[in-house]
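Below: one structure, written as C-alpha coordinates.
The values are calculated or read from the model by the stated rules, or taken from the named source; none is laboratory data. Just so it is clear, the model here is predicted, and its values are computed rather than measured. Neighbour counts run over all protein chains shown; Cβ positions are idealised from the backbone, glycine included. Please note that ligands, DNA and RNA were not included when accessible areas were found on the heavy atoms of the full protein model with its side chains. Shrake-Rupley method; radii C 1.70, N 1.55, O 1.52, S 1.80 Å.
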Amino acid sequence: MDYFEINGGNRLRGEVTIGGAKNAALPIMAASILCEGETVLHNVPDLHDVRQMQVLLGKLGVRCERDASGAMHIRVEDEMNCHAPYELVSKMRASICVMGPLLAKRKRAQVSLPGGCAIGDRPVNLHVQGMETLGADSDLVNGDMLLKAKKLRGAELFLGGAFGSTVTGTANVMMAATLAEGRTVIESAACEPEVVDVAEFLNACGAQIAGQGTPRITIDGVTSLSGTEYTIIPDRIEAGTFMIAAAITNGELELVNCRLEHMLAIVDRLRRVGINVERVEKGVTVSSARRLETVDVTTQPYPGFPTDLQAQTMALLCLADGNSIITEKIYPDRFLHVAELNRMGAHLRKEGPTVIVQGVKKLVGAPVMASDLRASAALVLAGLIAKGTTRVNRVYHIDRGYEGIEQKLAAVGADVSRVTE
Ligand code: EPU
(Lines give C-alpha, C1' and ligand atoms only; values in the text may rest on other atoms or scores of the structure.)
Protein backbone atom coordinates (compact mmCIF):
# COMPACT_ATOMS: atom_id res chain seq x y z
CA MET A 1 0.00 0.00 0.00
CA ASP A 2 1.39 3.42 -0.92
CA TYR A 3 1.91 6.20 1.58
CA PHE A 4 3.09 9.81 1.34
CA GLU A 5 6.05 11.07 3.27
CA ILE A 6 5.96 14.82 3.76
CA ASN A 7 8.59 17.01 5.37
CA GLY A 8 6.72 20.16 6.30
CA GLY A 9 7.72 23.79 6.22
CA ASN A 10 8.36 24.62 2.56
CA ARG A 11 6.56 27.64 1.09
CA LEU A 12 4.89 26.70 -2.17
CA ARG A 13 5.56 28.89 -5.18
CA GLY A 14 4.77 28.43 -8.86
CA GLU A 15 2.08 27.33 -11.26
CA VAL A 16 -0.34 24.43 -10.90
CA THR A 17 -2.64 23.25 -13.69
CA ILE A 18 -6.02 22.11 -12.41
CA GLY A 19 -7.51 19.00 -14.00
CA GLY A 20 -11.04 18.25 -15.17
CA ALA A 21 -13.79 17.87 -12.58
CA LYS A 22 -14.14 14.30 -11.32
CA ASN A 23 -17.76 14.81 -10.32
CA ALA A 24 -18.68 16.11 -13.77
CA ALA A 25 -16.64 13.54 -15.71
CA LEU A 26 -18.18 10.51 -13.95
CA PRO A 27 -21.87 11.26 -14.71
CA ILE A 28 -21.00 12.50 -18.20
CA MET A 29 -19.22 9.21 -18.93
CA ALA A 30 -22.34 7.42 -17.69
CA ALA A 31 -24.55 9.69 -19.83
CA SER A 32 -22.84 8.41 -22.96
CA ILE A 33 -24.91 5.22 -22.50
CA LEU A 34 -27.78 7.35 -23.87
CA CYS A 35 -25.98 8.30 -27.08
CA GLU A 36 -25.84 6.89 -30.58
CA GLY A 37 -22.40 7.10 -32.18
CA GLU A 38 -19.14 8.23 -30.64
CA THR A 39 -18.64 10.64 -27.75
CA VAL A 40 -15.23 12.29 -27.31
CA LEU A 41 -14.48 13.83 -23.95
CA HIS A 42 -11.59 16.19 -23.27
CA ASN A 43 -10.15 17.15 -19.88
CA VAL A 44 -11.20 13.88 -18.22
CA PRO A 45 -8.86 13.55 -15.21
CA ASP A 46 -6.78 10.39 -14.95
CA LEU A 47 -8.09 9.16 -11.61
CA HIS A 48 -8.83 5.86 -9.98
CA ASP A 49 -12.58 6.64 -9.97
CA VAL A 50 -12.52 7.41 -13.68
CA ARG A 51 -10.78 4.10 -14.42
CA GLN A 52 -13.39 2.42 -12.23
CA MET A 53 -16.17 4.00 -14.30
CA GLN A 54 -14.40 2.74 -17.46
CA VAL A 55 -14.50 -0.80 -16.03
CA LEU A 56 -18.21 -0.48 -15.21
CA LEU A 57 -19.03 0.94 -18.65
CA GLY A 58 -17.01 -1.88 -20.21
CA LYS A 59 -19.23 -4.42 -18.38
CA LEU A 60 -22.27 -2.56 -19.74
CA GLY A 61 -21.08 -2.93 -23.32
CA VAL A 62 -19.62 0.55 -23.66
CA ARG A 63 -16.13 0.84 -25.15
CA CYS A 64 -14.26 3.63 -23.41
CA GLU A 65 -10.64 4.35 -24.36
CA ARG A 66 -8.17 7.21 -24.25
CA ASP A 67 -6.20 8.27 -27.32
CA ALA A 68 -2.60 9.51 -27.24
CA SER A 69 -3.73 13.06 -26.46
CA GLY A 70 -5.66 11.82 -23.42
CA ALA A 71 -9.08 12.42 -25.00
CA MET A 72 -11.59 9.73 -24.05
CA HIS A 73 -13.53 8.03 -26.85
CA ILE A 74 -16.76 6.36 -25.79
CA ARG A 75 -19.07 4.23 -27.92
CA VAL A 76 -21.89 1.86 -27.02
CA GLU A 77 -21.25 -1.52 -28.64
CA ASP A 78 -23.72 -3.81 -26.90
CA GLU A 79 -26.91 -2.92 -25.06
CA MET A 80 -27.72 -6.34 -23.56
CA ASN A 81 -26.30 -5.95 -20.05
CA CYS A 82 -28.10 -3.59 -17.64
CA HIS A 83 -26.53 -4.74 -14.37
CA ALA A 84 -24.12 -2.66 -12.26
CA PRO A 85 -23.02 -5.31 -9.73
CA TYR A 86 -22.11 -4.88 -6.06
CA GLU A 87 -18.36 -5.54 -6.61
CA LEU A 88 -18.17 -2.37 -8.70
CA VAL A 89 -20.78 -0.13 -7.06
CA SER A 90 -19.41 -0.77 -3.57
CA LYS A 91 -16.00 0.47 -4.74
CA MET A 92 -17.35 3.68 -6.19
CA ARG A 93 -20.71 5.22 -5.32
CA ALA A 94 -20.79 7.34 -8.48
CA SER A 95 -21.59 4.04 -10.26
CA ILE A 96 -25.19 4.91 -9.35
CA CYS A 97 -25.06 7.41 -12.25
CA VAL A 98 -25.62 4.60 -14.76
CA MET A 99 -29.13 4.06 -13.34
CA GLY A 100 -30.91 6.86 -15.22
CA PRO A 101 -29.19 6.29 -18.57
CA LEU A 102 -29.73 2.49 -18.48
CA LEU A 103 -33.40 2.85 -17.60
CA ALA A 104 -34.05 5.47 -20.29
CA LYS A 105 -32.11 3.77 -23.08
CA ARG A 106 -32.39 0.05 -22.27
CA LYS A 107 -35.72 0.13 -20.36
CA ARG A 108 -34.13 -1.67 -17.43
CA ALA A 109 -31.52 -0.85 -14.80
CA GLN A 110 -30.30 -3.20 -12.11
CA VAL A 111 -27.94 -1.28 -9.87
CA SER A 112 -26.58 -2.56 -6.60
CA LEU A 113 -27.36 -0.35 -3.61
CA PRO A 114 -24.01 1.13 -2.64
CA GLY A 115 -24.06 0.34 1.11
CA GLY A 116 -22.02 2.08 3.83
CA CYS A 117 -19.60 4.92 3.31
CA ALA A 118 -16.85 6.48 5.44
CA ILE A 119 -18.37 9.95 5.24
CA GLY A 120 -21.75 8.83 6.59
CA ASP A 121 -25.12 7.60 5.48
CA ARG A 122 -25.56 8.09 1.75
CA PRO A 123 -28.99 6.87 0.73
CA VAL A 124 -30.18 6.84 -2.90
CA ASN A 125 -33.92 6.97 -2.15
CA LEU A 126 -34.34 10.24 -4.04
CA HIS A 127 -32.81 8.76 -7.20
CA VAL A 128 -35.25 5.84 -7.04
CA GLN A 129 -38.25 8.05 -6.23
CA GLY A 130 -37.38 10.21 -9.22
CA MET A 131 -37.29 7.20 -11.55
CA GLU A 132 -40.61 5.95 -10.14
CA THR A 133 -42.21 9.33 -10.76
CA LEU A 134 -41.09 9.05 -14.39
CA GLY A 135 -43.00 5.76 -14.55
CA ALA A 136 -40.50 3.06 -13.58
CA ASP A 137 -41.46 0.02 -11.50
CA SER A 138 -38.94 -0.77 -8.80
CA ASP A 139 -38.03 -3.89 -6.88
CA LEU A 140 -35.25 -4.81 -4.49
CA VAL A 141 -33.53 -7.99 -5.67
CA ASN A 142 -30.59 -9.37 -3.73
CA GLY A 143 -29.36 -5.93 -2.64
CA ASP A 144 -29.85 -4.54 -6.15
CA MET A 145 -32.41 -1.90 -7.12
CA LEU A 146 -34.18 -3.22 -10.18
CA LEU A 147 -36.02 -0.61 -12.25
CA LYS A 148 -38.07 -1.32 -15.34
CA ALA A 149 -40.11 0.91 -17.63
CA LYS A 150 -41.40 0.21 -21.12
CA LYS A 151 -41.74 3.95 -21.54
CA LEU A 152 -40.73 6.83 -19.28
CA ARG A 153 -43.14 9.75 -19.16
CA GLY A 154 -42.24 13.31 -18.22
CA ALA A 155 -43.52 14.44 -14.81
CA GLU A 156 -43.17 17.14 -12.20
CA LEU A 157 -41.05 16.01 -9.30
CA PHE A 158 -39.46 17.34 -6.15
CA LEU A 159 -35.91 16.15 -5.42
CA GLY A 160 -35.19 17.84 -2.09
CA GLY A 161 -34.25 15.67 0.88
CA ALA A 162 -33.52 16.29 4.56
CA PHE A 163 -30.08 17.65 3.64
CA GLY A 164 -31.11 19.65 0.60
CA SER A 165 -30.86 18.74 -3.05
CA THR A 166 -29.01 15.71 -4.37
CA VAL A 167 -26.18 16.16 -6.86
CA THR A 168 -25.98 12.74 -8.52
CA GLY A 169 -29.73 12.26 -7.96
CA THR A 170 -30.46 15.36 -10.03
CA ALA A 171 -28.03 14.22 -12.74
CA ASN A 172 -29.58 10.74 -12.75
CA VAL A 173 -33.20 11.89 -13.09
CA MET A 174 -32.21 14.54 -15.65
CA MET A 175 -30.41 11.91 -17.75
CA ALA A 176 -33.42 9.58 -17.59
CA ALA A 177 -35.82 12.39 -18.52
CA THR A 178 -33.94 13.32 -21.69
CA LEU A 179 -35.52 10.35 -23.49
CA ALA A 180 -38.88 10.39 -21.65
CA GLU A 181 -42.06 11.32 -23.45
CA GLY A 182 -43.03 14.91 -22.73
CA ARG A 183 -41.84 17.47 -20.21
CA THR A 184 -40.16 16.81 -16.86
CA VAL A 185 -39.75 19.51 -14.25
CA ILE A 186 -37.28 18.85 -11.43
CA GLU A 187 -37.96 21.11 -8.46
CA SER A 188 -35.26 21.50 -5.76
CA ALA A 189 -32.68 20.40 -8.32
CA ALA A 190 -29.01 20.58 -7.34
CA CYS A 191 -27.35 23.74 -8.72
CA GLU A 192 -23.74 22.47 -8.60
CA PRO A 193 -21.56 23.37 -11.62
CA GLU A 194 -21.04 19.63 -12.20
CA VAL A 195 -24.81 19.16 -12.73
CA VAL A 196 -24.76 22.12 -15.13
CA ASP A 197 -21.90 20.46 -17.00
CA VAL A 198 -23.92 17.24 -17.36
CA ALA A 199 -26.86 19.27 -18.72
CA GLU A 200 -24.62 21.15 -21.16
CA PHE A 201 -23.16 17.87 -22.37
CA LEU A 202 -26.62 16.37 -22.87
CA ASN A 203 -27.80 19.49 -24.73
CA ALA A 204 -24.75 19.21 -26.98
CA CYS A 205 -25.95 15.64 -27.71
CA GLY A 206 -29.41 16.91 -28.69
CA ALA A 207 -31.28 17.01 -25.36
CA GLN A 208 -33.57 19.89 -24.48
CA ILE A 209 -32.76 20.94 -20.96
CA ALA A 210 -33.31 24.40 -19.53
CA GLY A 211 -32.82 25.92 -16.08
CA GLN A 212 -29.62 24.02 -15.18
CA GLY A 213 -27.82 25.88 -12.42
CA THR A 214 -31.16 26.87 -10.85
CA PRO A 215 -33.38 24.81 -8.50
CA ARG A 216 -35.90 24.20 -11.30
CA ILE A 217 -34.71 22.21 -14.30
CA THR A 218 -37.05 21.57 -17.23
CA ILE A 219 -36.38 18.73 -19.64
CA ASP A 220 -38.35 18.23 -22.84
CA GLY A 221 -37.91 14.63 -23.90
CA VAL A 222 -36.42 13.83 -27.31
CA THR A 223 -36.37 10.53 -29.18
CA SER A 224 -32.61 10.09 -29.43
CA LEU A 225 -29.26 11.62 -28.50
CA SER A 226 -26.09 11.57 -30.58
CA GLY A 227 -22.54 11.41 -29.27
CA THR A 228 -20.59 14.65 -29.39
CA GLU A 229 -17.22 16.22 -28.53
CA TYR A 230 -17.17 17.94 -25.16
CA THR A 231 -14.69 19.43 -22.68
CA ILE A 232 -15.22 18.83 -18.95
CA ILE A 233 -15.08 21.87 -16.62
CA PRO A 234 -12.10 22.34 -14.27
CA ASP A 235 -12.30 20.71 -10.85
CA ARG A 236 -13.27 23.38 -8.31
CA ILE A 237 -12.45 21.07 -5.40
CA GLU A 238 -8.93 20.37 -6.64
CA ALA A 239 -8.52 24.12 -7.23
CA GLY A 240 -9.78 24.88 -3.70
CA THR A 241 -7.37 22.32 -2.25
CA PHE A 242 -4.43 24.02 -3.99
CA MET A 243 -5.67 27.43 -2.83
CA ILE A 244 -5.50 26.12 0.72
CA ALA A 245 -2.05 24.63 0.02
CA ALA A 246 -0.84 28.13 -0.92
CA ALA A 247 -2.54 29.63 2.12
CA ILE A 248 -1.32 27.10 4.69
CA THR A 249 2.33 27.37 3.56
CA ASN A 250 2.33 31.18 3.30
CA GLY A 251 3.11 30.60 -0.34
CA GLU A 252 2.02 31.93 -3.69
CA LEU A 253 0.45 29.76 -6.38
CA GLU A 254 -0.97 30.53 -9.77
CA LEU A 255 -3.77 28.13 -10.67
CA VAL A 256 -4.25 27.59 -14.37
CA ASN A 257 -7.54 26.18 -15.72
CA CYS A 258 -9.53 27.37 -12.72
CA ARG A 259 -13.03 28.88 -12.83
CA LEU A 260 -13.27 31.41 -10.01
CA GLU A 261 -16.99 31.92 -10.65
CA HIS A 262 -17.58 28.35 -9.41
CA MET A 263 -15.68 29.05 -6.20
CA LEU A 264 -17.10 32.21 -4.68
CA ALA A 265 -17.99 30.63 -1.33
CA ILE A 266 -14.48 29.28 -0.72
CA VAL A 267 -12.88 32.48 -2.02
CA ASP A 268 -15.05 34.53 0.34
CA ARG A 269 -13.96 32.46 3.35
CA LEU A 270 -10.29 32.49 2.31
CA ARG A 271 -10.30 36.26 1.87
CA ARG A 272 -11.76 36.65 5.36
CA VAL A 273 -8.95 34.48 6.67
CA GLY A 274 -6.59 36.99 5.08
CA ILE A 275 -5.61 35.18 1.90
CA ASN A 276 -5.24 37.14 -1.34
CA VAL A 277 -7.10 35.56 -4.22
CA GLU A 278 -6.89 37.41 -7.53
CA ARG A 279 -8.12 36.66 -11.00
CA VAL A 280 -5.27 36.87 -13.55
CA GLU A 281 -5.11 36.26 -17.27
CA LYS A 282 -4.32 32.53 -17.07
CA GLY A 283 -6.45 31.75 -14.02
CA VAL A 284 -6.13 32.72 -10.37
CA THR A 285 -3.27 33.64 -8.03
CA VAL A 286 -3.44 32.83 -4.35
CA SER A 287 -0.97 34.23 -1.86
CA SER A 288 -0.60 34.56 1.86
CA ALA A 289 2.09 36.11 3.97
CA ARG A 290 0.31 37.08 7.11
CA ARG A 291 -1.26 35.55 10.15
CA LEU A 292 -4.51 33.70 9.59
CA GLU A 293 -7.74 35.22 10.92
CA THR A 294 -10.49 32.98 12.25
CA VAL A 295 -13.67 32.36 10.29
CA ASP A 296 -16.83 30.28 10.68
CA VAL A 297 -17.72 27.85 7.91
CA THR A 298 -21.02 26.05 7.26
CA THR A 299 -21.21 23.57 4.41
CA GLN A 300 -24.27 23.81 2.20
CA PRO A 301 -25.44 22.81 -1.25
CA TYR A 302 -24.05 25.03 -4.04
CA PRO A 303 -23.64 28.00 -4.12
CA GLY A 304 -22.90 27.50 -0.42
CA PHE A 305 -19.58 26.30 0.93
CA PRO A 306 -18.82 22.80 -0.47
CA THR A 307 -18.66 19.85 1.90
CA ASP A 308 -15.84 18.54 -0.31
CA LEU A 309 -13.59 21.37 0.99
CA GLN A 310 -14.61 21.15 4.65
CA ALA A 311 -11.74 18.92 5.79
CA GLN A 312 -9.08 20.91 3.92
CA THR A 313 -10.41 24.19 5.35
CA MET A 314 -10.28 22.69 8.83
CA ALA A 315 -6.57 21.94 8.33
CA LEU A 316 -6.02 25.62 7.49
CA LEU A 317 -8.08 26.96 10.40
CA CYS A 318 -6.07 24.80 12.83
CA LEU A 319 -3.40 27.49 12.45
CA ALA A 320 -5.65 30.57 12.67
CA ASP A 321 -5.27 33.07 15.45
CA GLY A 322 -8.23 32.07 17.68
CA ASN A 323 -11.35 29.91 17.48
CA SER A 324 -13.29 29.00 14.36
CA ILE A 325 -16.47 26.96 14.06
CA ILE A 326 -17.09 24.50 11.25
CA THR A 327 -20.58 23.07 10.78
CA GLU A 328 -21.33 20.25 8.35
CA LYS A 329 -24.85 20.46 6.93
CA ILE A 330 -24.52 17.88 4.14
CA TYR A 331 -22.83 14.93 5.85
CA PRO A 332 -23.07 15.48 9.63
CA ASP A 333 -20.58 12.65 10.29
CA ARG A 334 -17.92 13.70 7.77
CA PHE A 335 -15.30 14.31 10.46
CA LEU A 336 -12.94 11.31 10.42
CA HIS A 337 -10.05 13.72 9.88
CA VAL A 338 -10.62 15.36 13.28
CA ALA A 339 -8.89 12.67 15.34
CA GLU A 340 -6.01 12.48 12.83
CA LEU A 341 -5.46 16.26 12.85
CA ASN A 342 -5.49 16.17 16.66
CA ARG A 343 -2.66 13.63 16.45
CA MET A 344 -0.70 16.35 14.65
CA GLY A 345 -1.21 18.85 17.48
CA ALA A 346 -4.50 20.45 16.39
CA HIS A 347 -7.07 21.43 19.02
CA LEU A 348 -10.36 20.26 17.59
CA ARG A 349 -13.49 19.42 19.53
CA LYS A 350 -16.46 17.82 17.83
CA GLU A 351 -19.96 18.63 19.11
CA GLY A 352 -22.57 16.89 16.91
CA PRO A 353 -22.27 18.20 13.32
CA THR A 354 -19.95 21.01 14.46
CA VAL A 355 -16.24 21.19 15.17
CA ILE A 356 -14.74 23.92 17.31
CA VAL A 357 -11.29 24.68 15.98
CA GLN A 358 -9.01 26.28 18.52
CA GLY A 359 -6.07 27.73 16.61
CA VAL A 360 -2.59 26.50 17.54
CA LYS A 361 0.83 27.98 16.77
CA LYS A 362 2.11 24.88 14.99
CA LEU A 363 1.27 21.38 13.83
CA VAL A 364 3.75 18.53 14.24
CA GLY A 365 4.41 15.65 11.86
CA ALA A 366 2.98 12.22 12.72
CA PRO A 367 1.91 9.01 11.03
CA VAL A 368 -1.76 9.50 10.13
CA MET A 369 -4.43 7.49 8.36
CA ALA A 370 -6.37 8.67 5.33
CA SER A 371 -10.01 7.64 5.73
CA ASP A 372 -11.69 9.14 2.68
CA LEU A 373 -10.76 11.26 -0.29
CA ARG A 374 -11.13 14.78 1.09
CA ALA A 375 -9.99 13.87 4.63
CA SER A 376 -6.77 12.56 3.05
CA ALA A 377 -6.26 15.85 1.26
CA ALA A 378 -6.63 17.64 4.60
CA LEU A 379 -3.91 15.48 6.14
CA VAL A 380 -1.57 16.18 3.22
CA LEU A 381 -2.19 19.92 3.63
CA ALA A 382 -1.49 19.70 7.36
CA GLY A 383 1.69 17.75 6.59
CA LEU A 384 2.91 20.55 4.29
CA ILE A 385 3.19 22.92 7.25
CA ALA A 386 3.76 20.51 10.15
CA LYS A 387 7.13 20.51 11.86
CA GLY A 388 8.99 17.31 10.98
CA THR A 389 7.78 14.34 8.97
CA THR A 390 4.21 13.31 8.33
CA ARG A 391 3.37 9.93 6.92
CA VAL A 392 -0.08 9.76 5.34
CA ASN A 393 -1.09 6.12 5.08
CA ARG A 394 -3.66 4.63 2.69
CA VAL A 395 -3.28 7.26 -0.01
CA TYR A 396 -5.36 5.15 -2.38
CA HIS A 397 -8.20 7.29 -1.08
CA ILE A 398 -6.53 10.42 -2.45
CA ASP A 399 -5.79 8.74 -5.79
CA ARG A 400 -9.54 8.40 -6.29
CA GLY A 401 -9.94 12.12 -6.77
CA TYR A 402 -6.61 13.95 -7.20
CA GLU A 403 -4.41 13.26 -10.22
CA GLY A 404 -0.76 13.11 -9.14
CA ILE A 405 -1.26 15.43 -6.18
CA GLU A 406 2.20 14.64 -4.78
CA GLN A 407 3.82 15.46 -8.14
CA LYS A 408 1.90 18.72 -8.48
CA LEU A 409 2.86 19.72 -4.93
CA ALA A 410 6.51 18.72 -5.37
CA ALA A 411 6.71 20.76 -8.59
CA VAL A 412 5.90 23.92 -6.61
CA GLY A 413 8.34 23.24 -3.80
CA ALA A 414 6.76 20.76 -1.37
CA ASP A 415 8.93 18.01 0.07
CA VAL A 416 6.54 15.15 -0.54
CA SER A 417 7.10 11.71 -1.99
CA ARG A 418 5.08 8.59 -2.60
CA VAL A 419 6.49 5.45 -1.06
CA THR A 420 5.36 2.04 -2.23
CA GLU A 421 5.67 -0.58 0.48
N1 EPU B 1 -29.38 12.21 0.08
C2 EPU B 1 -30.55 11.59 0.45
N3 EPU B 1 -31.16 10.78 -0.46
C4 EPU B 1 -30.65 10.56 -1.71
C5 EPU B 1 -29.47 11.20 -2.09
C6 EPU B 1 -28.85 12.02 -1.15
O7 EPU B 1 -31.03 11.77 1.56
O8 EPU B 1 -31.26 9.81 -2.48
C9 EPU B 1 -28.69 13.08 1.04
C10 EPU B 1 -27.26 12.62 1.34
O11 EPU B 1 -27.22 11.66 2.36
C12 EPU B 1 -26.58 13.92 1.71
C13 EPU B 1 -27.26 14.93 0.83
O14 EPU B 1 -28.50 14.34 0.44
O15 EPU B 1 -26.84 14.24 3.06
C16 EPU B 1 -26.49 15.31 -0.41
O17 EPU B 1 -26.02 14.16 -1.08
P18 EPU B 1 -25.85 14.12 -2.66
O19 EPU B 1 -26.80 13.14 -3.23
O20 EPU B 1 -25.88 15.52 -3.19
O21 EPU B 1 -24.37 13.54 -2.80
P22 EPU B 1 -23.86 12.63 -3.98
O23 EPU B 1 -24.53 13.01 -5.22
O24 EPU B 1 -23.90 11.20 -3.55
C25 EPU B 1 -21.93 14.23 -4.72
C26 EPU B 1 -20.46 14.13 -4.88
C27 EPU B 1 -19.80 14.09 -3.51
C28 EPU B 1 -20.20 15.36 -2.75
C29 EPU B 1 -21.72 15.47 -2.68
C30 EPU B 1 -22.21 16.74 -2.02
C31 EPU B 1 -20.25 12.93 -6.97
C32 EPU B 1 -19.83 11.70 -7.68
N33 EPU B 1 -20.13 12.92 -5.64
O34 EPU B 1 -22.33 13.05 -4.01
O35 EPU B 1 -18.40 14.10 -3.74
O36 EPU B 1 -19.66 15.33 -1.45
O37 EPU B 1 -22.28 15.41 -4.00
O38 EPU B 1 -21.76 17.85 -2.70
O39 EPU B 1 -20.66 13.91 -7.59
C40 EPU B 1 -16.15 13.68 -3.28
O41 EPU B 1 -15.88 14.06 -4.44
O42 EPU B 1 -15.27 13.52 -2.40
C43 EPU B 1 -17.54 13.45 -2.91
C44 EPU B 1 -17.90 12.72 -1.87
Legend entry - Reach of LYS91 by Cα under 28 Å, taken over lysines that are not fewer than 8 positions away in the same chain: LYS22, LYS59, LYS105, LYS107, LYS148, LYS329, LYS408
Inset, instruction - Note the full-extension length gain between THR389 and ASN125 as 0.36 nm times their separation in residues minus their Cα-Cα distance, in nm to one decimal. - result: 90.7 nm
Legend entry - Loop chymotrypsin sites (Phe, Trp or Tyr not before Pro), region 192-282, which have at most 15 other Cβ atoms in a 10 Å radius of their Cβ (DSSP): none
Inset, instruction - Filter the trypsin sites (Lys or Arg not before Pro) in region 308-417 to those in DSSP coil with at most 10 other Cβ atoms within 10 Å of their Cβ, and list the result. - result: LYS361
Inset, instruction - Please build a GNM for the chain, connecting alpha carbons under 10 Å apart, and tell me which residue among PRO353, PRO193, PRO45 fluctuates the most. - result: PRO353
Inset, instruction - Would you kindly state how much longer the chain becomes between ASP296 and GLU181 on full extension, computed as 0.36 nm times their sequence separation minus their alpha carbon distance, in nm to one decimal? - result: 36.8 nm
Legend entry - Whole-number accessible area per residue in Å² for the chain, which is evaluated in the context of all protein chains at 1.4 Å: 39 Å²
Legend entry - Gained length - HIS347 relative to ALA204, 0.36 nm times residue gap less alpha-carbon distance: 46.5 nm
Legend entry - Separation of alpha-carbon centers, region 47-103 and region 345-421, rounded to whole Å: 30 Å
Inset, instruction - Give, rounded to the nearest 20 debye, the magnitude of the charge dipole that region 22-231 has about its Cα centre when Lys and Arg contribute +1 at Cβ and Asp and Glu contribute -1 at Cβ. - result: 360 debye
Inset, instruction - Within the set of other residues whose C-beta is less than 14 Å from the C-beta of MET263, count the net charge using Lys and Arg as +1 and Asp and Glu as -1. - result: -3
Inset, instruction - Could you tell me what percent of the DSSP beta bridges with both partners in the chain are antiparallel, to the nearest 5? - result: 70 percent
Inset, instruction - Tally up the carbon and sulfur contribution to the accessible surface of region 22-231 as a whole percent, 1.4 Å probe, everything protein left in place. - result: 47 percent
Legend entry - Per-residue [θ]222 nm for the chain (sum of -39500 (n - 2.57) over DSSP H runs n ≥ 4, rounded to 500): -8500 deg cm²/dmol
Inset, instruction - Could you tell me whether the chain comes out rounded, prolate or oblate from its Cα gyration tensor? Rule is a ≥ b ≥ c as square roots of the eigenvalues, rounded for a/c under 1.5, then prolate if a/b exceeds b/c, otherwise oblate. - result: prolate
Inset, instruction - With a point put 7 Å past each Cα toward its Cβ, work out how far ALA339 is from LYS151 in nm, to one decimal. - result: 5.5 nm
Inset, instruction - Measure nothing but the geometry: give the 0 to 90° angle between the long axis through the Cα atoms of 22-31 and the longest principal axis through the Cα atoms of the chain, rounded to 10°. - result: 10 degrees
Legend entry - For the chain, size of Cβ-based charge dipole, Lys and Arg +1, Asp and Glu -1, in debye: 760 debye
Inset, instruction - Can you tell me the FRET efficiency between ARG51 and TYR86 if r is taken as the Cβ-Cβ distance and R0 is 25 Å, rounded to the nearest 0.05? - result: 0.85
Legend entry - Principal-axis tilt of helix 373-385 within the chain, Cα atoms, nearest 10 degrees: 20 degrees
Inset, instruction - Output the antiparallel fraction of DSSP beta bridges having both residues in region 22-231, as a percent to the nearest 5. - result: 70 percent
Legend entry - Shape category assigned to region 22-231 from the gyration tensor of Cα positions, a/c cut at 1.5: rounded
Inset, instruction - Sort region 361-417 into rounded, prolate or oblate with this rule: let a ≥ b ≥ c be the square roots of the eigenvalues of the Cα gyration tensor; rounded if a/c is under 1.5, and if a/c is not under 1.5, prolate when a/b is larger than b/c, oblate otherwise. - result: oblate
Legend entry - Pair VAL40, LEU113: separation of 7 Å Cα→Cβ label points (nm): 4.3 nm
